[in-house]
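Asker: Quick one: the structure is below, and I'll ask about it shortly.
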Amino acid sequence: MRQTLHPVAYSTDLGTSPLSVRLLGEPLVVWRDSTGIAHATSDVCVHRGTALSGGCVKGDTIMCPYHGWQFDGNGKCTHIPQMEDPTKIPTKAKIAAHTCIEQYNMIWVSLEEPRRPLPAIDEFGAKEWIWVNCGPYEWNTHSSRQLENFTDFGHFPWVHPGLLGDINRPVVPDYEVRTEGHVVKYDITRPEAPNTDDFPVFANANTDAPTRTSHYEIHTPFTLLLHLGWGGKEGMVYFFVSQPIDDEHSRGFLIIGRNYNYDQPDSVLQDFEDVIFNQDKVIVESQLPKKVPFDITKELHMKFDAVALAYRKAMISHGFDN
């Protein structure tokens, strides 16, 4: 987990002031230097343990609000105002600094050197595709539960009737799952509920029985790339990733791309996803344990749970089950 890039904020949420975040139980501060480049360092000042996120950015450093100590993007203390000789800063005057990148409208942090790059989204940046940020969605559950819920087909008729599922069509169509390295892939074609007047978000022409083809990729540990299509040129891309705040708290980030409905306000998709995620939140926060039990004998699995089984096995094989 520490060698994985995790999202901690949308790019638009990080301005000129430092931002306090938690990742894998550790307090971090994310901030931009004078050139706008994002940095992620420990939020705990080495001097007296003060939260640096309560301070401010001074040029290319973050300044502690307690005594004015300043730290650069590498975690090195560059200024102690109480010292008469500024050249004698102790070598131990430093804080942890972490890999921090900005991609897909998000700030990503890895506590240790990341072992793989982020998944490629071929449509991102293409002129015919427009994108909208949704959430983030904070849940009192582990990221593994939040991610797995996104891949579960069987709950649509019961949790999202009329929006994503139909209670009169509860059977999950057959599908095949394949695992390629750290990525679980599967395709499914199934009936979906037609658009509602409130949320005309899908390109299914509001037919009586619209059919959706979905191409899923789960990039372990907590990232999902989903392509939706209805047999024509119009399509959507969902890129969802969960931030593991700690073992019982997560924050889900979702960006959605589409190559149609250019004039539709972002709020239509955002409001739709807010409804869906709030419906899911009630259910998933009730699950016990808060973290997916990676011992596959701990829960009962059915044929339509093939994705969950493949996900759990992939997490185990790549060391993400601890």
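The values are calculated or read from the model by the stated rules, or taken from the named source; none is laboratory data. This structure is a prediction, so every number in the text was calculated from the model and none was measured. Because the Cβ atoms are built from the backbone with ideal geometry, glycine has one as well, and the counts that use them run over all protein chains shown.
Asker: Which condition from (1) surrounded by fewer than 17 Cβ atoms within 10 Å (Cβ to Cβ); (2) in the same structural domain as ARG212 (by TED's automatic domain parsing); (3) at pLDDT 95 or above is the one that ASN149 breaks?
Answerer: In the conditions (1) surrounded by fewer than 17 Cβ atoms within 10 Å (Cβ to Cβ); (2) in the same structural domain as ARG212 (by TED's automatic domain parsing); (3) at pLDDT 95 or above, ASN149 misses (1) alone.
Asker: Another one. Among the residues of segment 157-180, which ones are in contact (Cβ under 8 Å) with a residue 24 or more places away in the chain and either closer than 19 Å to VAL284 by Cβ or out of contact with any strand residue (DSSP E or B) (no Cβ under 9 Å at 6 or more places or on another chain) (or both)?
Answerer: Passing the criteria: VAL159, HIS160, PRO161, GLY162, LEU163, LEU164, GLY165, VAL172.
Asker: Anything in segment 272-286 that is in contact with a strand residue (DSSP E or B) (Cβ under 8 Å, 6 or more places away or on another chain), under 15 Å from GLU148 (Cα atoms) and acidic (Asp, Glu)? List them, or say none.
Answerer: GLU285 - this is the single residue of segment 272-286 that is in contact with a strand residue (DSSP E or B) (Cβ under 8 Å, 6 or more places away or on another chain), under 15 Å from GLU148 (Cα atoms) and acidic (Asp, Glu).
Asker: Against the definition (of a type in the set (D, E, K, R), surrounded by 14 or more Cβ atoms within 10 Å (Cβ to Cβ), modelled with pLDDT under 95 and not in a helix (DSSP H, G or I)), how does ARG212 come out, yes or no?
Answerer: Here the answer is yes, as ARG212 does meet what is asked.
Asker: Could you list, in sequence order, the residues of segment 81-126 that are among the aliphatic types (A, V, I, L, M) and exposed (fewer than 10 other Cβ atoms within 10 Å of the Cβ)?
Answerer: ALA120
Here's the yes/no breakdown for (1) surrounded by fewer than 18 Cβ atoms within 10 Å (Cβ to Cβ); (2) in a strand (DSSP E or B):
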| site | (1), (2) |
| --- | --- |
| GLU128 | yes, no |
| ILE167 | yes, no |
| TYR186 | no, yes |
| ALA193 | no, no |
| THR196 | yes, no |
| VAL201 | no, no |
| ASN204 | no, no |
| THR207 | yes, no |
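Asker: Name the pairs whose Cβ atoms lie under 6 Å apart, with the first residue in segment 68-86 and assigned by TED's automatic domain parsing to the domain that holds ASP43 and on the phi > 0 side of the Ramachandran plot, the second in a strand (DSSP E or B) and surrounded by 19 or more Cβ atoms within 10 Å (Cβ to Cβ), and 6 or more positions between them or separate chains?
Answerer: Short answer, once both residue conditions are applied: GLY75/THR41.
Asker: Considering each residue of segment 115-146, count those that are in the same structural domain as TYR216 (by TED's automatic domain parsing), more than 27 Å from VAL268 (Cβ to Cβ) and in contact with a strand residue (DSSP E or B) (Cβ under 7 Å, 6 or more places away or on another chain), and give that number.
Answerer: 4
Asker: In addition: Could you grab the pairs with beta carbons closer than 7 Å, sequence gap of 6+ or different chains, first residue in segment 10-33 and touching a residue at least 40 places away in the same chain (Cβ under 8 Å) and assigned by TED's automatic domain parsing to the domain that holds CYS100, second one assigned to a helix (DSSP H, G or I) and surrounded by 15 or more Cβ atoms within 10 Å (Cβ to Cβ)?
Answerer: Qualifying pairs under 7 Å: PRO18/LEU52; PRO18/SER53.
Asker: Another question about this same structure. Please work out which residue is farthest from GLU176 (Cα to Cα), limiting yourself to segment 196-230 and to residues that are among the aromatic types (Phe, Trp, Tyr) and either outside the structural domain of SER144 (by TED's automatic domain parsing) or touching a strand residue (DSSP E or B) at 6+ places or on another chain (Cβ under 9 Å) (or both).
Answerer: Selected residue: PHE202.
Asker: When you go through (1) hydrophobic (A, V, I, L, M, F, W, C); (2) surrounded by fewer than 16 Cβ atoms within 10 Å (Cβ to Cβ); (3) closer than 29 Å to PRO117 by Cα one by one for VAL44, which number turns out not to apply?
Answerer: That leaves (2) as the condition not met.
Asker: Being over 29 Å from ASP263 (Cα atoms), surrounded by fewer than 16 Cβ atoms within 10 Å (Cβ to Cβ) and not assigned by TED's automatic domain parsing to the domain that holds ASP43 is true for just one of PRO157, PRO161, PRO173. Which residue is that?
Answerer: PRO173
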